[in-house]
Amino acid sequence: AKNRGSNAWCFFHEYMTQAARERLALEARLRRALELGHMRLFYQPQVDLHTGRLTGAEALLRWHDPEEGLISPARFIPVAESSGVIGPLGLWVLGEACRQGQAWREAGLPELTIAVNVSLHQFLLTDIAGETAQVLETSGFPAHLLELEITESALAEKPEEALAVLSRLRDLGLRLAIDDFGTGYSSLAHLKRFPLDLLKIDRGFIYDIPNSGDDMAISSSVIALGHAMGLKVLAEGVETQEQLSFLQDKGCDFFQGYFCSRPLPAEDFARLLEKAGA
Ligand code: C2E
Ligand code: CA
Ligand code: CA
Ligand code: CA
């Protein structure tokens with residue numbers, strides 16, 4: 001038993017070292033990919049549930065590796081977060097989203113909001129407000145059309161700092177959304193003090209509608225809560241007509257999901273936008 005114990009430890013130790021090595025390699029590749037211009041933004045439509053109109057797009061990051069193909073953000077955002085690469089990467093995303101949004105406006109396409117994800121470290125450890133102000137100025141994209149999505153956990157972690165950052169962002173005139181609402185542990189008391197515009201219901205609560213009574217109860221409660229606090233509510237991950245009808249019936253304001261469209265490369269999104277405006 002003693003031997004097995006020490007072997008197990010050795011195995012664990014080796015495994016950790018291997019994992020650490022892989023992380024370092026990924027981090028280095030990530031930095032290089034950013035420099036080489038291998039990052040892309042895809043855009044997923046956001047639809048107004050009251051009017052059926054396309055009103056916005058969420059920018060979602062893709063790593064286009066020449067050898068591996070498209071790499072999902074789920075694989076590299078955590079590494080970017082914990083290594084500090086998220087600073088330059090997040091700034092690139094912000095700049096690219098505003099540049100693209102302004103290019104669509106200048107091409108005469110219908111006006112729409114662009115939502116950009118901001119991660120926890122980017123939110124709390126970089127000068128996100130200063131950088132956003134700079135990006136808006138450089139791109140010419142109007143502040144009121146930019147929405148920043150901040151996860152509930154980022155706000156819950158350090159509510160006082162979060163409040164100060166949110167207030168500075170709000171002063172720039174942009175919109176603020178809470179992402180993945182319902183999955184973190186933010187207290188409602190804090191939530192009430194944050195200057196927010198939108199709650200995004202996590203797709204984990206939408207997925208099992210209409211089979212899960214619990215998920216239906218949670219979703220309709222979040223819609224009612226958001227509205228009671230003067231916020232708009234968006235449901236993400238809507239895949240079926242039944243989910244759409246349920247949300248419409250509960251007065252949800254916007255949805256995103258495969259039922260309308262997967263995230264699209266910029267050219268494909270522009271084509272969709274052109275059709276929507278016609
Ligand atoms: P998220 O912000 O919650 O984004 C929604 C995710 O759900 C996206 O995955 C989207 O493609 C996916 N999705 C949308 N509609 C549906 C649907 O109907 N069904 C299903 N099953 N999935 C749907 P994606 O693009 O792989 O992004 C994963 C996560 O990576 C995002 O979750 C976000 O947390 C993070 N991420 C993506 N881009 C960025 C970025 O530019 N910066 C930061 N910090 N994080 C990002
Ligand atoms: Ca998001
Ligand atoms: Ca989510
Ligand atoms: Ca998320």
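Note on the chain: with a GNM built from Cα contacts shorter than 10 Å, the maximum mean-square fluctuation among Gly237, Gly95, Gly213 falls on Gly213. In a DSSP loop and with at most 16 other Cβ atoms within 10 Å, the GluC sites (Glu not before Pro) in the range 99-169 are Glu111.
Among bridges DSSP assigns within the chain, what percent are antiparallel (round to 5)? Of those bridges, close to 40 percent are antiparallel. Counting charges near Pro263 (Lys, Arg +1; Asp, Glu -1) among other residues having Cβ under 9 Å from its Cβ returns a value of +1. Structure remark: mean-square fluctuation, Gaussian network model of the chain, C-alpha springs under 10 Å; the largest value among Leu49, Leu155, Leu188 belongs to Leu188. Only lysines eight or more places from Lys250 in sequence, or on another chain, were considered; those with a Cα closer than 28 Å are Lys192, Lys200, Lys232. FRET efficiency for the pair Ala25 and His50, taken as 1/(1 + (r/R0)^6) with r the Cβ-Cβ distance and R0 = 41 Å, rounds to 0.25.
When +1 charges are put on Lys and Arg Cβ atoms and -1 charges on Asp and Glu Cβ atoms, the dipole computed for the range 107-219 relative to its Cα centre reaches about 260 debye.
How large is the translational diffusion coefficient of the range 158-278 in µm² per second when you combine the Kirkwood radius over alpha carbon pairs with Stokes-Einstein at 37 °C and 0.692 mPa s? Once the numbers are plugged in, D ends up at 209 µm²/s. Put a plus charge on the Cβ of each Lys and Arg, a minus charge on the Cβ of each Asp and Glu, and nothing anywhere else: the dipole of the chain about its Cα centre is then about 400 debye. Distance from the C-alpha centroid of the range 111-180 to that of the range 236-278: 23 Å, rounded to the whole angstrom. Per-residue packing, averaged as other Cβ atoms within 10 Å, sorts the ranges 253-264, 18-29 into the order 253-264, 18-29, beginning with the highest. Give the shape of the range 104-176 as rounded, prolate or oblate, defined through the alpha-carbon gyration tensor: a ≥ b ≥ c are the square roots of its eigenvalues, a/c under 1.5 means rounded, and otherwise the shape is prolate if a/b is larger than b/c and oblate if not. Prolate.
Test of understanding: extend the Cα→C-beta vector of Arg105 to 7 Å, then name every residue of the range 163-179 with backbone N under 14 Å from that spot. Counting backbone N atoms under 14 Å from the label point, the list is 173-175.
Read-outs throughout are calculated quantities, based only on the coordinates presented, and are distinct from any laboratory measurement. The model shown is predicted, which means the values in this text are computed figures rather than measured ones. Here the Cβ is made from the backbone with ideal geometry for all residues, glycine too, and neighbour counts use every protein chain on show.
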